[in-house]
1. Restricted to the range 208-234, and to residues that are of a type outside the set (A, V, I, L, M, F, W, C), touching a Phe, Trp or Tyr at 6+ places or on another chain (Cβ under 7 Å) and not in a strand (DSSP E or B), which residue is surrounded by the most Cβ atoms within 10 Å (Cβ to Cβ)?
2. Filter the range 58-81 down to the residues that are free of Cβ contacts under 8 Å to residues at least 24 places away in the same chain and of a type outside the set (Asp, Glu) and list them by number.
3. Got a sec? Which of PHE250, PHE258 is at pLDDT 95 or above and closer than 29 Å to SER150 by Cβ?
4. Is it the case that some residue within the range 76-92 is modelled with pLDDT of 95 or more, of a type in the set (S, T, N, Q) and crowded, with 16+ Cβ neighbours inside 10 Å?
5. Considering every residue within the range 261-273, establish whether at least one is surrounded by fewer than 19 Cβ atoms within 10 Å (Cβ to Cβ), closer than 19 Å to ILE49 by Cβ, without any contact (Cβ under 8 Å) to a residue 12 or more places away in the chain and of a type in the set (S, T, N, Q).
6. Could you please find all residues in the range 91-116 being over 17 Å from ASN2 (Cα atoms) and either more than 16 Å from the chain's Cα centre (by Cα) or not in a strand (DSSP E or B) (or both)?
7. Please determine, by comparing only the residues of the range 93-139 that are surrounded by fewer than 22 Cβ atoms within 10 Å (Cβ to Cβ) and of a type in the set (Gly, Ala, Ser), which one is nearest to LEU237 (Cα to Cα).
8. Anything in the range 50-68 that is out of contact with any Pro (no Cβ under 8 Å at 6 or more places or on another chain) and not in a loop (DSSP other than H, G, I, E, B)? List them, or say none.
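The values are calculated or read from the model by the stated rules, or taken from the named source; none is laboratory data. Since the structure is predicted, the reported quantities are computational estimates derived from the model, not experimental observations. Neighbour counts are summed over all protein chains in view; Cβ atoms, including those assigned to glycine, are modelled from backbone coordinates with ideal geometry.
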Amino acid sequence: MNYIKFPNNFLELEDNLSNYGTSKVVILPIPYEKTTTYVKGTAKGPQAIINASRNIELYDEELGKEISNVGICTLNPLIIDKNPEEMVNDVFENVKELLDDNKFPIIIGGEHSITPGCVKAFADSHDDFSILQLDAHADLREEYDGTKFSHACAMKRCLDICKNIVQVGIRSLSYEESIFVKKNKLKIFWAKDIFDNDEWEEKAISNLSKDVYITFDLDVLDLSIMPSTGTPEPGGLRYYQVLRFLKNVFEKRNVVGFDVVELCPNVNNVSPDFTAAKIIYKMIGYKFNNKNTINEKIS
């Protein structure tokens, strides 16, 4: 398996901590952008996140460990120049290969249209799992701009594969989507109801099955800390609020993988890139915090 080596990989890790063979975590960048509808630039998101990650301290002050010791491999970007429907199959095949190799996959987009391909791979490997979506938008349209595989349809296509989806931070959807939500009694935790309290967390987690796949659209975050998205939406969640919730999810459920999508980098403001990279590193820590592999260097 070809992968990016020091110093150009995620976190700028030496090969003993970033080779494919021994790494438990594998990052797959997919700079795909075919259906964006507002600000263009999500194709540059994966590289911006990797660049920013090289400035992260490897020691996690919350967990008291160097999380990178678990081994984090960064694959070469998966370049796909196909229509969205064909792209989903390419993503499926590549993510499935990682699962077959018993890796913990982290997929970095690119636009949200890559997520159904990821979900399809997990459905092929897990009999029963649920999806946790953190997002500003419902993404439940049946079709948008002439395709059923637009970023605006991402969760509708995921719902075709996995019926158990919990949506958190939603604050924008169409009238048709609102009818679909009510008719199908979807589990949505609206941003307007959760922004100033944590009382909703246990209910959200209780709706998740044992195994959970997380799709993290960065526009779930408030614009004050995440202005670099293709479809910005005011009223988002705060950094520590999101981290507390994620930590709770990782502690109470078996997270099997996740994607982080929709960073639209701005060369004049790199802080969102760093925030995205830091959230990825925190999530790796929450996943492997109780594993002995973190405490000792991988040789």
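1. Checked the range 208-234; the qualifying residue surrounded by the most Cβ atoms within 10 Å (Cβ to Cβ) is GLY230.
2. The first filter runs over the range 58-81 and keeps only residues free of Cβ contacts under 8 Å to residues at least 24 places away in the same chain, leaving 59, 61, 64, 81.
TYR59, GLY64, listed by residue number.
3. Values: PHE250 fails: closer than 29 Å to SER150 by Cβ.
Every option except PHE258 fails the conditions.
4. No, the range 76-92 contains no residue that is modelled with pLDDT of 95 or more, of a type in the set (S, T, N, Q) and crowded, with 16+ Cβ neighbours inside 10 Å.
5. Step one: list which residues in the range 261-273 are surrounded by fewer than 19 Cβ atoms within 10 Å (Cβ to Cβ), which gives 266-271.
Remaining after also requiring closer than 19 Å to ILE49 by Cβ: 266-271.
Remaining after also requiring without any contact (Cβ under 8 Å) to a residue 12 or more places away in the chain: 267-268.
Imposing the further condition that a residue be of a type in the set (S, T, N, Q) reduces the set to 268.
Yes.
6. PHE92, GLY110, GLU111, HIS112, SER113, ILE114, THR115, PRO116
7. My answer is SER130.
8. Going residue by residue through the range 50-68, those that are out of contact with any Pro (no Cβ under 8 Å at 6 or more places or on another chain) are 51-53, 55-68.
The answer is ASN51, ALA52, SER53, TYR59, ASP60, LYS65, GLU66, ILE67, SER68.
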